[in-house]
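Below: one structure, written as C-alpha cells.
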Amino acid sequence: MSKRAELIKMEPPELPAPPVELPADEVKHAKHHDVWDESSNIPKPVFPKIDLRKAVELVYRRVCKVPAQDICNVNLYITPGTHSKLYLIERMRSGVTTQQHLMRVCLPVDPGHRTLSEVTALNHVRKRTNNVLPITVPKVIDYENTVTDENELGFEWVLMSYVPGEPAIRHWRKMTMEQKVSFVEQIAEFQSRYISDRFEGIGSLVPSMPTNDNPDPNPVAGHLVHPFFFSGSALDHDVNRGPFKSSHDFVMALLDLAGKMNYPLEDTEDGEEIKKMLTPIQLIAREKRYKIASSLDSILSRIFPDAMLEDPESTILSHNNMTLSNIRVDPDDSYKITGIVGWSLASTSPPWKTSNVPLFLTYIKAPREKRPEEHRYHDAQWMGEEDLLPLSPNGKEQQYWRDMMEYEVTQLLRVYCAKMKSLGKWNCNTERHKPKKDVWAAVEACFMNPPGEDLVQGLERVEKWVEDITAWIVAHDNDILMPTLEKQLNWAKPEDEEEDDDEQTMVEDSEEISVQGEPEDKDFPGEYSPVSETPSAWGETPLQDREYEAVFYS
C-alpha cells in the first residue's frame, strides 16, 4: 500500500492476490537507468530496450490485489513518449474484460519530482472538472516516485484509470472545419474550469498540508519540472529549481544554468579533453550560448522588474503539452473530446509565459489567411514520401499538410480566443508582454536547437539581437520599445498572402465565422493572454518538424 493513501482511493480487493515472480535478470535490467544520449547537439533520453510487461503486471497485481482467476494482459499503449512508456492493462475473467487501466513507467529524468507533480496536477484538475464536463483526465490509482528495493519495476510509475477515445492526431485530417471549431471550443470550456485558480509563484504542483480549517487544500507551486532543468547534464549543476517567487527569479535561474552548462573551457583543467569530445559546431554553440546567457543576465532586471516585489507573482496552472496526441476523441461521435492526458510537465505560469493556448494552436510560422489549393501540390507518391504520422495522407505531399495546418491554426486560434473571451477567462492582446517573450525566446536558444534552421546561424541571430537590445537599453533608459527578436529573425508574412485588415475574421470556403471587437488590455482577473501571437526565437514549425518537441515535451 502506498504511503500516500491520503491522496488516492483504492478499490477493495476481491480475493487475495497470488504471488508473481519476476525473473532475476529482468529485475536487474529493469533497474538500469542510463538515461541520456548526448552525442548530438540536443541530449535525448534513451529508454532501455527491455520488456517491462511482466514487471508491470507484477506491480498491478500487488497494488490492485488481483485475484488468481483473473488474467492481466499488458501491452504498450499508443506511441510511447521519450521520457516514459505507457502500458494498457486489461483485466479479464472468463474471457471478458472487466477493467482497463493505464500505467506510465517513467525514466528518472527528474527523480521523485516529475511523477509527484504529474499526480498532483491530475488530482487537482480532475477535482475541478469531474462531473462537470464529459472531458475527463485520468484518475490516479497509485504511484511510486522513488526507486527502492520494494519497487519491482526499477522505475517511477503511475497507475491510472483508462481514458476512452483515440488521439486526435489520428483523425485530424478527416475532421471537417466545423468539427475542428467545436473541438477548439471544447478545449476552451475545459480549461476555463481550472484556470480560475490562482497560485503564488512559478513551479510544478505539489500537495499542500491539510489543516482543520481546510482539510482539502489546493496544491501549491514547488520544484519546477521543466526540460531545461533536467535534460542532459542539467541535473548535475547546483541552481535554483523553484518554486520561484517571480519571473525574474525563474529566468535568472535558467541563465545561471545555461552559463554553468556552457562555461568557457580554456581555463579549466579538463578543458582540452572536453574539446576533443565535441564537434566544431558544438564548440561554437557552447561559446555563443554562454555569451547570450551572460549578456541577458546584465539586463534582466530591466525587463523583469518584479524581483523587488514582496509578494509572490500570481500565476495559473498550464498544461504545457496540449498536443493533438494528448487529446482523446470519439471518432463515432463527431470527434467529441473524451479526455486530456500528458500532464507530467504541467506547471504554474505568469501572464507573459502562460502556455494555456493548446500547443497545437502554435504550429505556425506566420498567419496564413488563404486556404492552400490542393492542385498546386505534388502527389506524395511522386515525391517519394511516406506519411510521417498515423493519418490518412490523401495522396498529397507533406508540404500541403504543413500549409493546411498553418491555415487551420490561423483560423482556430481566433475561435479559441473568442471562446475564452466569452467565458471571461482570457485576453488575446499580448503586445504588452512582447519584451518578456522576446527575452524568453533568447533564453530558449541557450537550451534548444532551431528546428529547420542551421544551429550556428540561428544562434548568431539571437546573439545579434541581444547585442542590439543591450545597446538600446543603455541608450534609452526610460524607453521599453525595444528592437524585437521577431524582426531580427526575419519573420514576415508569406509573399503570396495579402494583408487582411479584419484580423478577427475567419473564412472556410463559403462559411464565415467572425469574432467581433478587440479584447480589452487588462491584467487579472479574467485576463490571461494566450501564447504569443508572434513567433518565439525559433518560431513554430509543423508537428512533423518539431525536433525538440519529441525530446522535451513527451
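Go through (1) of a type in the set (A, V, I, L, M); (2) in contact with a Phe, Trp or Tyr (Cβ under 7 Å, 6 or more places away or on another chain); (3) at pLDDT 95 or above for VAL105 and report which single condition fails.
Failing condition for VAL105: (3).
Write out, first by first residue and then by second, each pair whose Cβ atoms fall under 7 Å of each other, whose residues are 6+ apart or on separate chains, and whose first residue, in segment 439-457, is over 15 Å from LYS291 (Cα atoms) and not assigned by TED's automatic domain parsing to the domain that holds ASN262 while the second is at pLDDT 90 or above and assigned to a helix (DSSP H, G or I).
Close Cβ pairs (under 7 Å, with a partner that is at pLDDT 90 or above and assigned to a helix (DSSP H, G or I)) do not exist here.
Hey, could you check segment 289-311 for residues that are under 19 Å from LEU455 (Cα atoms) and basic (Lys, Arg) and say which is farthest from the chain's Cα centre (by Cα)?
LYS291
Given the conditions (1) within 30 Å of MET448 (Cβ to Cβ); (2) modelled with pLDDT of 90 or more, which single one is not true for THR79?
(2)
For segment 370-409, how many residues meet the condition of being modelled with pLDDT of 75 or more and in contact with a strand residue (DSSP E or B) (Cβ under 8 Å, 6 or more places away or on another chain)?
Result for segment 370-409: 6.
Do we have any residue at all in segment 169-177 that's free of Cβ contacts under 8 Å to residues at least 24 places away in the same chain and under 30 Å from MET252 (Cβ atoms)?
no
Could you tell me whether segment 51-67 includes any residue that is over 26 Å from the mean Cα position of the chain (by Cα), surrounded by fewer than 19 Cβ atoms within 10 Å (Cβ to Cβ) and modelled with pLDDT under 90?
yes
Taking the criterion of being modelled with pLDDT of 90 or more, surrounded by fewer than 16 Cβ atoms within 10 Å (Cβ to Cβ) and in a loop (DSSP other than H, G, I, E, B), would at least one residue in segment 14-36 satisfy it?
No, segment 14-36 contains no residue that is modelled with pLDDT of 90 or more, surrounded by fewer than 16 Cβ atoms within 10 Å (Cβ to Cβ) and in a loop (DSSP other than H, G, I, E, B).
Being over 18 Å from GLU200 (Cβ atoms) and out of contact with any Gly (no Cβ under 9 Å at 6 or more places or on another chain) is the filter here; which residues of segment 225-250 pass it?
PRO227, PHE228, PHE230, SER231, GLY232, SER233, ALA234, LEU235, ASP236, HIS237, ASP238, VAL239
If you go through segment 245-300 one residue at a time, how many are β-branched (Val, Ile, Thr) and either closer than 25 Å to VAL225 by Cβ or surrounded by 19 or more Cβ atoms within 10 Å (Cβ to Cβ) (or both)?
Summing the residues that are β-branched (Val, Ile, Thr) and either closer than 25 Å to VAL225 by Cβ or surrounded by 19 or more Cβ atoms within 10 Å (Cβ to Cβ) (or both) in segment 245-300 gives 2.
Out of THR362, THR338, THR354, THR348, which single residue is modelled with pLDDT under 80 and of a type outside the set (Phe, Trp, Tyr)?
THR354
Taking ASN73 as meeting all but one of (1) under 19 Å from ASN151 (Cα atoms); (2) touching a Ser or Thr at 6+ places or on another chain (Cβ under 9 Å), write down the number of the exception.
Of everything listed in (1) under 19 Å from ASN151 (Cα atoms); (2) touching a Ser or Thr at 6+ places or on another chain (Cβ under 9 Å), ASN73 misses just condition (1).
The values are calculated or read from the model by the stated rules, or taken from the named source; none is laboratory data. As the structure is a computational prediction, the values presented were derived from the model and not from experiment. Neighbour counts are summed over all protein chains in view; Cβ atoms, including those assigned to glycine, are modelled from backbone coordinates with ideal geometry.
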